[in-house]
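Visitor: Before anything else, here's the structure in question.
The values are calculated or read from the model by the stated rules, or taken from the named source; none is laboratory data. In this text the structure is predicted, and so the values were computed from the model without any measurement. Virtual Cβ from ideal backbone geometry, glycine too; neighbours counted across all protein chains shown.
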Amino acid sequence: MRASKDLELVARTHQRVLRPSSVQIERELEVLTQLMDNQFRIPILDWRFGFNAIIDLIPEFGDIATTIVALYILVSAVRYRVPKITLLRMGVNIGIYFAGGLIPFGGYFFDAWWKPNVRNLNLLRRRATVSAEDAKRGRKSDWLFVGLIVGMIVALLLGSIMLTIFIWWYVATHLQLM
């Protein structure tokens, strides 16, 4: 019984060494997150929004551009050796953001509310295992995992473009018949 408690203590101590309590995230990621999600404030409502909400007003291009910025933060998380489950959560945040933005009219409000960059930066801060100085390279398995997540988000993007083209084609062919 005593030996198992000692092993638990050693394991806990070992975990503390692997994950620093306070990891300094690159200033560029913090500035990018601020610009994209919280740059502007509506005084009366005390509601913040960023360039994500503005860029998303451009049909199709806005969703693609803001998703690429969110993916940049996800890819940066690999260098901080964030666990794979956290990388997956970050990818899900981006996927929810992208899918929510596809909702006509309401998607704009959802995109301004969801703030995937803030969510992902907070996950990065909590789960980073190395500091910014040591964050030079990620592990190959992490890069492959993030590549899979990016591939799924790109598939979601291509699917939405295909669906948009199909809807336009369907409407155009049926308007000509009438």
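Visitor: Mind checking which residues of the stretch 27-50 are part of a helix (DSSP H, G or I) and buried (at least 17 other Cβ atoms within 10 Å of the Cβ)?
Guide: Once the filter is applied, which keeps residues that are part of a helix (DSSP H, G or I) and buried (at least 17 other Cβ atoms within 10 Å of the Cβ), the stretch 27-50 yields Leu29, Leu32, Thr33, Met36, Asp37.
Visitor: So the check is Cβ under 9 Å with 6+ separation or different chains; which pairs have a first residue in the stretch 18-30 that's closer than 9 Å to Arg125 by Cβ and β-branched (Val, Ile, Thr) and a second one that's modelled with pLDDT of 75 or more and in a loop (DSSP other than H, G, I, E, B)?
Guide: Close Cβ pairs (under 9 Å, with a partner that is modelled with pLDDT of 75 or more and in a loop (DSSP other than H, G, I, E, B)) amount to Val23/Tyr80; Val23/Ala128; Val23/Thr129; Val23/Val130; Ile25/Tyr80; Ile25/Ala128.
Visitor: So which of Asn122, Asn93 ends up being among the polar types (S, T, N, Q), closer than 30 Å to Thr164 by Cα, assigned to a helix (DSSP H, G or I) and at pLDDT 90 or above?
Guide: Sole residue among the options that is among the polar types (S, T, N, Q), closer than 30 Å to Thr164 by Cα, assigned to a helix (DSSP H, G or I) and at pLDDT 90 or above: Asn93.
Visitor: Can you find, within the stretch 102-125, the residue that is nearest to Ala53 (Cα to Cα) among those that are surrounded by fewer than 21 Cβ atoms within 10 Å (Cβ to Cβ) and touching a residue at least 40 places away in the same chain (Cβ under 8 Å)?
Guide: Only one residue fits best here, namely Ala112.
Visitor: Just checking, does the stretch 35-45 include any residue being modelled with pLDDT under 90 and among the acidic types (Asp, Glu)?
Guide: No, the stretch 35-45 has no match at all.
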